[in-house]
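Everything below concerns the one structure shown next.
Bear in mind that the values in this text are calculations on the coordinates, not laboratory data. It should be emphasised that the depicted structure is a prediction, and the values quoted were computed from it without experimental measurement. No Cβ is skipped: glycine too gets one built from the backbone with ideal geometry, and neighbour counts run over all protein chains shown.
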């Protein structure tokens, strides 16, 4: 059976991606709370949801792969 492990470089890159998405979601959410124009606010909220969704998808992917590899051992 083939082992599915991440290199240190890959793991660090995934950590960066998570941090970027979380930071983007926080900054966009803040901008949306300060925005007075309804259409712009709506677009900012949509962008915030997108980054939050990406963060959750990556986190879930990593969690499921961690569980899978733990079960293989």
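In angstrom, the C-alpha Rg and Dmax of region 21-63 are 11.5, 39. Listed by Cβ neighbour count within 10 Å, with the fewest neighbours leading, 48, 35 appear as 35, 48.
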